[in-house]
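The values are calculated or read from the model by the stated rules, or taken from the named source; none is laboratory data. Bear in mind the structure is a predicted one, so any value in this text is a computation, not a measurement. Methodologically, a virtual Cβ is constructed for each residue, glycine included, from the backbone with ideal geometry; neighbour enumeration extends over all protein chains shown. Remember, those area values only see protein heavy atoms, side chains included, never the ligands or the DNA or RNA. Shrake-Rupley method; radii C 1.70, N 1.55, O 1.52, S 1.80 Å.
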Amino acid sequence: MAETGGRETGIRLCFHGAAQAVTGSCFALRTGEAHILVDCGLFQGSKTEKELNYRAFPFDPASVDAVLLTHAHIDHSGLLPKLAKDGFQGPVFATAATVDLCSVMLPDSGHVQEMEVEQLNRRNARRGRSAVEAIYGAGQAIATLTQFRPVPLGKWAAIAKGIRARYWDAGHLLGSASIEVEIDRPGGPPMRLLFSGDIGSSLKSFHADPTGPRGIDYVICETTYGDVDREDVTPERRLQILQAEVKAAAQRSGPLLIPSFAVERTQELLVDLVRLMNEGGIPGAPIFVDSPLATKASAIFESHAGEMANGEALLEALRDPRVRFTESVEQSKAIARIRGFHIVIAASGMCDAGRIRHHLRNWLWREAATILFVGFQAQGTLGRILLDGARRVRLMGEDVQVKARIRSIDLYSGHADGPQLAAWVAERRPISGSVFLTHGEEHAMEGFADRLKRLDADLRVVAPTLDSVFALPGGAPRQISGPVRSAAESAGRLDWHNELSSLILDIDEQMSLAADERARKQIVRRLRKALTSA
């Protein structure tokens, strides 16, 4: 391939994350004169998938001219500090609200990395294993914030040589955007790409419907709920469903634990819970928001309330005396001593980190407790394992029996369902090149691909794999390389860590069911035989 100043000519689109998986969003655009990223997010899910966060990027961070950030969620922004740590020196373009949210979310993420690695290194030292280094720390995250540049919706911004971008409201999160990119081509019109980011649901409390341009060459579209047809539910019906779940939890005289994403999901729940209490629809009870990040994010939401639908209701909820924001570890621990009905909203939403794990360890084994999931649970996370009906789980190094009532309300998701996503894509037509499906597990992508074919049989639909690269000639894309990182096949799937945890739980259960010492020894002999013959 010809080179210009050390860079390839032609336009290349690379999928370095959220490819047949939901997390780690990171897409690269390369031309003969520029190299930019759209998002640079943290991988979440199974341990094998999260290990990708510790590996080197499959490109040179110093070669990246700029980053376009769709929104502040960590699976889209969480590796920006690592990118800067490894050599990226360019600007990060984002809406003003996204910049504000990242100012608390990225340092919090850095703090989480430091705490998790500190705990891991203590365990490693006891086991005689080598220490590991955090992906990045809070200090690096704070330093990275100096590279952020706010951009308004609807106005073109110069990004790199020959590349412009325009941000459109995605309706997913405060400040969230779909990003339209134009790339100059010699002797012809510019190529136009549209990165959906995460598209909001019609049930979102604080946002208008998502928008976007028409007449695109290539659309890169999320598919989180691409195979889901939600029932035709109004905001009032959603409130009634929440009311029923809360009343059922109150009747058990125990806590209602809600693993929730700290940013926006928590604030939406507060609005509805306070409203239901004010109207007498559910018993009055303390609502503990046990997440320092949620506390800081709520302050940012409060400052932007004037820009949001239902902003007054949000302000009322945040100031309600029954809503209690906990800051210190001591305050969080004190919640465990409360008995009777109370509500705890704590991060993380998928139960893979944060204070929710301590609350789950304290209550999962008790029948009085109710665990209510209100968002997407990625494959391999503790939240997904609980939703799939596990009777026992490994949690913080312990085997915990699941006796709590496990419930889910899918209607608080910040993501559009299949019909809503298809309608959004339909509004972008004509699409001359193709639609690339991202940010979805395999079943969701396959379901959405079928849906798009029913919408338009001539539409080209591509489902890229992790680290795959496509040449974009203006029509049908051409794949020119495949996976680079060896864990690519584990993205969005259960891994050997999940299988090992399940096996240990199964062994413990069989040992407890064994009739006597002789039967237990026989189980051990069989296990040893299986290991030696493997």
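Things worth noting here:
- Any chance VAL38 is open to solvent by less than 10 Å² (accessible area, probe 1.4 Å), among the β-branched types (Val, Ile, Thr) and under 18 Å from the mean Cα position of the chain (by Cα): yes
- Residues of the range 23-31 include none that is open to solvent by 10 Å² or more (accessible area, probe 1.4 Å) and at pLDDT below 95.
- Some residue of the range 165-182 being over 25 Å from ALA449 (Cα atoms), touching a helix residue (DSSP H, G or I) at 6+ places or on another chain (Cβ under 6 Å), basic (Lys, Arg) and surrounded by 15 or more Cβ atoms within 10 Å (Cβ to Cβ): no
Residue-by-condition table, conditions (1) touching a Ser or Thr at 6+ places or on another chain (Cβ under 9 Å); (2) within 18 Å of ARG12 (Cα to Cα):
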| position | (1), (2) |
| --- | --- |
| MET445 | yes, no |
| ARG460 | yes, yes |
| ALA463 | yes, yes |
| PRO473 | no, yes |
| GLN479 | yes, yes |
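- One residue stands out in the range 348-373 among those that are open to solvent by 10 Å² or more (accessible area, probe 1.4 Å) and among the polar types (S, T, N, Q): the one that is nearest to ARG384 (Cα to Cα), namely SER348.
- Among the residues making up the range 158-204, those that are basic (Lys, Arg) and part of a loop (DSSP other than H, G, I, E, B) are LYS161, LYS204.
- Residue in the range 146-155 that is buried (at least 19 other Cβ atoms within 10 Å of the Cβ) and either in contact (Cβ under 8 Å) with a residue 24 or more places away in the chain or assigned to a helix (DSSP H, G or I) (or both) present: yes
- Scanning the range 466-482 for residues that are under 18 Å from PHE195 (Cα atoms) and over 22 Å from the mean Cα position of the chain (by Cα) gives VAL469, PHE470, ALA471, LEU472, PRO473, GLY474, GLY475, ALA476, PRO477.
- The residues on offer are SER332, SER298, and the sole one that is part of a helix (DSSP H, G or I), over 23 Å from the mean Cα position of the chain (by Cα) and under 16 Å from SER260 (Cα atoms) is SER332.
- Residue match in the range 205-216 (condition: open to solvent by less than 40 Å² (accessible area, probe 1.4 Å), assigned to a strand (DSSP E or B) and not small (Gly, Ala, Ser)): yes
- Any hit, the range 45-65, residues being at pLDDT below 95, under 23 Å from ALA378 (Cβ atoms) and small (Gly, Ala, Ser): yes
- Counted residues, the range 300-315 - those being out of contact with any helix residue (DSSP H, G or I) (no Cβ under 7 Å at 6 or more places or on another chain) and either at pLDDT 95 or above or open to solvent by 70 Å² or more (accessible area, probe 1.4 Å) (or both): 4
- Residue that is of a type in the set (Asp, Glu), in a helix (DSSP H, G or I) and under 22 Å from the mean Cα position of the chain (by Cα), where the choices are GLU268, GLU236: GLU268
- Residue identified as free of Cβ contacts under 8 Å to residues at least 40 places away in the same chain and either of a type in the set (A, V, I, L, M) or assigned to a loop (DSSP other than H, G, I, E, B) (or both) among GLY280, GLY306: GLY280
- Flag if LEU421 is crowded, with 22+ Cβ neighbours inside 10 Å and touching a Leu at 6+ places or on another chain (Cβ under 6 Å): no
- Just one of (1) assigned to a loop (DSSP other than H, G, I, E, B); (2) touching a strand residue (DSSP E or B) at 6+ places or on another chain (Cβ under 7 Å); (3) hydrophobic (A, V, I, L, M, F, W, C) fails for VAL99. It is (1).
- Wholly within the range 354-465, strands (runs of 3 or more DSSP E) carrying at least 1 residues that are among the aromatic types (Phe, Trp, Tyr), at pLDDT 95 or above and under 21 Å from the mean Cα position of the chain (by Cα): 370-373, 431-438
- Which listed residue, of GLU222, GLU264, is at positive phi and buried (at least 24 other Cβ atoms within 10 Å of the Cβ): GLU264
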